[in-house]
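The values are calculated or read from the model by the stated rules, or taken from the named source; none is laboratory data. Quantities reported herein were computed from a predicted structural model and do not represent experimental measurements. Every residue, glycine among them, receives a Cβ derived from its backbone with ideal geometry; neighbour counts consider all protein chains shown.
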Amino acid sequence: MTTRIEHEPIFVLHERAYRETSALLEVLTRDHGRIGVVVRGLRASKPRFQRGSLRAFQCLSVDLKLTGDLAQLLSVETLGRPLQLGAESLRAGLYVNELVARMTERHDPHPELFERYALLLTELDTTTTLAWTLRRFERDLLAMLGYGLLLTHELGSGRALDPDGQYHYLPEQGPTPADSERSATLCSGAALLALAADVAPVAADLGRLRTLMRAVIRHHLGGRGLDAWRVLTGYRASGPRPVDQ
């Protein structure tokens, strides 16, 4: 069965070679979720579509012909101005693209995620608190995909979290009072409450939230991490420490 999709807003998440001269894009659409899109002849000597017209972090309007699991690109038009992300924001954007591509299923519509992703790009273009911007997006992404975090009450007892308390966070379950400090998901009550209230925590708690979110994301990815994590770790080891992503 073939379906034609017209004037659909998208963002390109990833590109890879496909057959001899074509490319396969993973795109986030507003109304149809993540779709694999074949761009025929993109790597040919005289391509129909210029690579620059399919850049990441740029909202595009496309016409597609969807047949089975993959779509074919028929036309593309740029919407709005392109973002000029700095080095740190660009690395963060590439991480988010991999995160969205890995966490979502093809053809599973999430219009609210499309809008949240568009907002994130604006935030990356302007933020001075990159790590907090990413934690907020990870929190929202998990909630939109049905993996919302329990951030205000203890697992089991239902007691309100103590801002001065320490908690282990069990993925897919929630926080439980810590009986030791040896845990990848150890986090203060203040950090969890800050994430729930959308209020930036202190620097030490922000670092704990990064570790916690990675553990939760890895759990939902079946125990596999993201390639971007290894890239960011290598970058930190080879040069001046950037904003902690």
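Among the residues of the stretch 97-117, which ones are of a type outside the set (Lys, Arg) and either more than 17 Å from residue 216 (Cα to Cα) or without any contact (Cβ under 8 Å) to a residue 60 or more places away in the chain (or both)? Let's see the steps before the verdict.
Start the filter on the stretch 97-117 by keeping residues that are of a type outside the set (Lys, Arg), which leaves 97-101, 103-105, 107-115, 117.
If the condition is that a residue be of a type outside the set (Lys, Arg) and either more than 17 Å from residue 216 (Cα to Cα) or without any contact (Cβ under 8 Å) to a residue 60 or more places away in the chain (or both), then 97, 105, 107, 108, 109, 110, 111, 112, 113, 114, 115, 117 are the ones that fit.
Take the residues in the stretch 58-74 that are over 28 Å from residue 124 (Cβ atoms) and not acidic (Asp, Glu); name whichever of them is surrounded by the most Cβ atoms within 10 Å (Cβ to Cβ).
66
Looking at 193, 150, which is the one that is under 29 Å from residue 115 (Cα atoms), crowded, with 18+ Cβ neighbours inside 10 Å and either at pLDDT 95 or above or not polar (S, T, N, Q) (or both)? Please lay out each step first, then the result.
Working: 150 fails: crowded, with 18+ Cβ neighbours inside 10 Å.
Being under 29 Å from residue 115 (Cα atoms), crowded, with 18+ Cβ neighbours inside 10 Å and either at pLDDT 95 or above or not polar (S, T, N, Q) (or both) holds for just one of 193, 150, which is 193.
Being surrounded by fewer than 17 Cβ atoms within 10 Å (Cβ to Cβ), assigned by TED's automatic domain parsing to the domain that holds residue 172 and either outside any helix (DSSP H, G or I) or not aliphatic (A, V, I, L, M) (or both) is the requirement here; does residue 138 meet it? Can you show your working first?
Working: surrounded by fewer than 17 Cβ atoms within 10 Å (Cβ to Cβ): no; assigned by TED's automatic domain parsing to the domain that holds residue 172: yes; either outside any helix (DSSP H, G or I) or not aliphatic (A, V, I, L, M) (or both): yes.
No: the conditions fail for residue 138.
Quick one: is residue 98 out of contact with any strand residue (DSSP E or B) (no Cβ under 8 Å at 6 or more places or on another chain) and either in a helix (DSSP H, G or I) or in the same structural domain as residue 25 (by TED's automatic domain parsing) (or both)?
Numbers: out of contact with any strand residue (DSSP E or B) (no Cβ under 8 Å at 6 or more places or on another chain): no; either in a helix (DSSP H, G or I) or in the same structural domain as residue 25 (by TED's automatic domain parsing) (or both): yes.
So residue 98 does not fit the description; no.
Any chance the stretch 128-144 includes a residue that's in contact with a Lys or Arg (Cβ under 6 Å, 6 or more places away or on another chain) and closer than 26 Å to residue 174 by Cβ?
Yes, there is a match, as at least one residue in the stretch 128-144 is in contact with a Lys or Arg (Cβ under 6 Å, 6 or more places away or on another chain) and closer than 26 Å to residue 174 by Cβ.
Which condition number in (1) aliphatic (A, V, I, L, M); (2) in contact with a Lys or Arg (Cβ under 8 Å, 6 or more places away or on another chain); (3) modelled with pLDDT under 95 is the one that residue 204 fails?
(2)
Search the stretch 118-135 for residues being farther than 22 Å from residue 220 by Cα and hydrophobic (A, V, I, L, M, F, W, C), and hand back the single one that is surrounded by the most Cβ atoms within 10 Å (Cβ to Cβ). Can you show your working first?
So in the stretch 118-135, the residues farther than 22 Å from residue 220 by Cα come out as 118-119, 121-130.
Narrowing further to those that are hydrophobic (A, V, I, L, M, F, W, C): 118-119, 121, 124, 130.
Values: 118: 16, 119: 13, 121: 20, 124: 22, 130: 19.
Among those that are farther than 22 Å from residue 220 by Cα and hydrophobic (A, V, I, L, M, F, W, C), it is 124.
Suppose we filter the stretch 17-57 for residues that are part of a strand (DSSP E or B) and crowded, with 16+ Cβ neighbours inside 10 Å; how many remain?
Residues of the stretch 17-57 that are part of a strand (DSSP E or B), as a first pass: 17-18, 22-29, 34-39.
Within this subset, residues satisfying the condition of being crowded, with 16+ Cβ neighbours inside 10 Å are 18, 22-29, 34-39.
Total meeting the criteria: 15.
Can you go through 127, 133 and tell me which one is out of contact with any Phe, Trp or Tyr (no Cβ under 7 Å at 6 or more places or on another chain), farther than 20 Å from residue 212 by Cα and not small (Gly, Ala, Ser)? Reasoning before the result, please.
Details: 133 fails: farther than 20 Å from residue 212 by Cα.
Testing whether each residue is out of contact with any Phe, Trp or Tyr (no Cβ under 7 Å at 6 or more places or on another chain), farther than 20 Å from residue 212 by Cα and not small (Gly, Ala, Ser) leaves just 127.
From 154, 115, grab the single residue that is on the phi < 0 side of the Ramachandran plot and over 14 Å from the mean Cα position of the chain (by Cα). Even if it seems obvious, please write down each step before you answer.
Values: 115 fails: over 14 Å from the mean Cα position of the chain (by Cα).
Only one candidate passes the filter, namely 154.
Regarding residue 223, is this residue more than 20 Å from residue 143 (Cβ to Cβ) and not in a helix (DSSP H, G or I)?
On the way: more than 20 Å from residue 143 (Cβ to Cβ): yes; not in a helix (DSSP H, G or I): yes.
Spelling it out, residue 223 is indeed more than 20 Å from residue 143 (Cβ to Cβ) and not in a helix (DSSP H, G or I).
Within the stretch 38-66, can you find the residues that are at pLDDT 95 or above and of a type in the set (Ser, Thr, Tyr)?
61 - this is the single residue of the stretch 38-66 that is at pLDDT 95 or above and of a type in the set (Ser, Thr, Tyr).
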